[in-house]
Amino acid sequence: MIASTQNKTLAGKLQAAINDKTKPIGSLGQLETLALQIGLIQETLKPRLSQPSMLIFAGDHGVVAEGVSAYPQDVTWQMVENFLAGGAAINVFARQHQIALHIVDAGVNHDFGQRDGLLSMKVGKGTANFAQQAAMSTEACAQAIENGRAALRATEGNIVGFGEMGIGNTTAAAALMHVLTGVPVEQCVGAGTGLLPEGIAHKAEVIRRAVALHGPLHDPAVVLATYGGFEIATMVGAMLEAAAQRRILLIDGFIVTSALLVAARMAPAILDYCVFAHCSDESGHGRMLQALGVKPVLSLGLRLGEGTGAALVLPLVQSAVAFLNEMATFSSAQVSEKSSA
């Protein structure tokens, strides 16, 4: 059960505390919005952040057989190895910002064995090709969601970022976006791993054929099973569990937002707990954020995934909490409101 954070009394007190800081009202912009949101999530005027963590979900996709990626499927497991070796961009940012990194094998077509830093929650060795059949059974989808809940419970702290790795997953994310929002397919697809215009057009056509095959779908769990990836479904479960525990969710780019889109269709109150880190350069992401009715904090032209945008926004979230807790107020400081302006 995910409870809404909406609380008019507490919101009023938080806004008054923010406005009383020694600054012109509204002058800290989105940091003020973040401070208010986090106070409501934690139900306090003095929020605290503890032990930030990042979950990176990896899985393979059968739809790569349709030629929708510029990279071969083997890159998925090779990048997981890179994460485990500490050499990827997300490793660099996680070290820099002291984020505990957890890699989740949700369904990679590779056997890693027992590895430090790897949570083995493999539902299968990649999904089926959704252009020919459902990506996964409803039972496998439900198992992936439950695995995600378990992965979240294995992490500590009250703020968690979400990232992913899976060759072909921009196609899955675009299909989820199209079916759940009604945005035209051509506005959902993008370059992904670096497709040229003809490759993007082919990706759109693959999704159109799949939608014609499967017909109209409305239940978000069925949509997820039909078009999603094991890493996306596992991420959905982790997101639902994080919000149920009143943690702050740092939402990364296009694929992570597609998982959040599914989760929000299942439990709309989850949006109260989400900080949308950035607007990806993957062309459909901005429209997906618009469909959710949310605004990102950053826009850096990123389209790497891995949770990189979520890691980069963490210092801003920390700054929002710090100013709320530590900045002097007009009530206590020897500064007049008029002179501060």
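The values are calculated or read from the model by the stated rules, or taken from the named source; none is laboratory data. Small disclaimer: the values here were computed from a predicted structure and weren't measured. Here the Cβ is made from the backbone with ideal geometry for all residues, glycine too, and neighbour counts use every protein chain on show. When the accessible area is computed, the model is the full protein with side chains, heavy atoms only, and any ligands, DNA or RNA have been set aside. Shrake-Rupley method; radii C 1.70, N 1.55, O 1.52, S 1.80 Å.
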Filtered residues of segment 4-31 (kept if assigned to a helix (DSSP H, G or I), surrounded by fewer than 17 Cβ atoms within 10 Å (Cβ to Cβ) and β-branched (Val, Ile, Thr)): Thr9
Failed criterion for Ala204 (all others in (1) among the aliphatic types (A, V, I, L, M); (2) crowded, with 24+ Cβ neighbours inside 10 Å; (3) within 24 Å of Gln132 (Cβ to Cβ) hold): (2)
If I ask for residues that are assigned to a helix (DSSP H, G or I) and crowded, with 16+ Cβ neighbours inside 10 Å, which ones from segment 192-201 would you list? Gly199, Ile200
If I ask for residues that are part of a helix (DSSP H, G or I), open to solvent by 30 Å² or more (accessible area, probe 1.4 Å) and of a type in the set (Asp, Glu), which ones from segment 32-91 would you list? Glu66, Asp74, Glu81
Any residue at all in segment 266-286 that's charged (D, E, K, R), within 17 Å of Val160 (Cα to Cα) and either open to solvent by 50 Å² or more (accessible area, probe 1.4 Å) or not in a loop (DSSP other than H, G, I, E, B) (or both)? yes
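Based on this model, can you work out whether Gly182 counts as at positive phi and crowded, with 24+ Cβ neighbours inside 10 Å? Step through it out loud before you land on a result.
Values: at positive phi: yes; crowded, with 24+ Cβ neighbours inside 10 Å: no.
Here the answer is no, as Gly182 does not meet what is asked.
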Residue selected from segment 89-128 under the condition small (Gly, Ala, Ser) and touching a residue at least 60 places away in the same chain (Cβ under 8 Å), by the criterion farthest from His214 (Cα to Cα): Ala94
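Conditions (1) in a helix (DSSP H, G or I); (2) over 18 Å from Val262 (Cα atoms); (3) out of contact with any Cys (no Cβ under 8 Å at 6 or more places or on another chain), marked per residue:
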| site | (1), (2), (3) |
| --- | --- |
| Glu186 | yes, yes, yes |
| Gly190 | no, yes, yes |
| Ala233 | yes, no, no |
| Ala242 | yes, no, yes |
With the requirement that a residue be more than 25 Å from Ala242 (Cα to Cα) and surrounded by fewer than 24 Cβ atoms within 10 Å (Cβ to Cβ), what does segment 132-177 give you? Gln132, Gln133, Ala134
Every pair of residues 6+ apart whose Cβ atoms lie under 6 Å, when the first sits in segment 223-238 and is touching a residue at least 40 places away in the same chain (Cβ under 8 Å) while the second is among the aromatic types (Phe, Trp, Tyr) and in a loop (DSSP other than H, G, I, E, B): Tyr227/Phe130
Taking interchain pairs and intrachain pairs at least six residues apart, which have beta carbon atoms under 8 angstrom, with the first residue in segment 40-54 and in contact (Cβ under 8 Å) with a residue 40 or more places away in the chain and the second among the acidic types (Asp, Glu) and open to solvent by less than 40 Å² (accessible area, probe 1.4 Å)? Leu40/Asp272; Ile41/Asp272
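Suppose we filter Ala172, Ala131, Ala135 for residues that are part of a helix (DSSP H, G or I), touching a helix residue (DSSP H, G or I) at 6+ places or on another chain (Cβ under 8 Å) and either touching a residue at least 40 places away in the same chain (Cβ under 8 Å) or under 22 Å from Asp252 (Cβ atoms) (or both); which single one remains?
Details: Ala131 fails: part of a helix (DSSP H, G or I); Ala135 fails: part of a helix (DSSP H, G or I).
Exactly one of Ala172, Ala131, Ala135 is part of a helix (DSSP H, G or I), touching a helix residue (DSSP H, G or I) at 6+ places or on another chain (Cβ under 8 Å) and either touching a residue at least 40 places away in the same chain (Cβ under 8 Å) or under 22 Å from Asp252 (Cβ atoms) (or both), namely Ala172.
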If I ask for residues that are of a type in the set (Gly, Ala, Ser) and assigned to a helix (DSSP H, G or I), which ones from segment 143-169 would you list? Ala144, Gly148, Ala150, Ala151
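Taking the stated definitions as given, is Thr234 of a type in the set (Val, Ile, Thr), closer than 22 Å to Leu34 by Cβ and open to solvent by less than 10 Å² (accessible area, probe 1.4 Å)?
Details: of a type in the set (Val, Ile, Thr): yes; closer than 22 Å to Leu34 by Cβ: no; open to solvent by less than 10 Å² (accessible area, probe 1.4 Å): yes.
In short, no.
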Checklist (1) crowded, with 21+ Cβ neighbours inside 10 Å; (2) in a loop (DSSP other than H, G, I, E, B); (3) not small (Gly, Ala, Ser) applied to Arg115, failing item: (1)
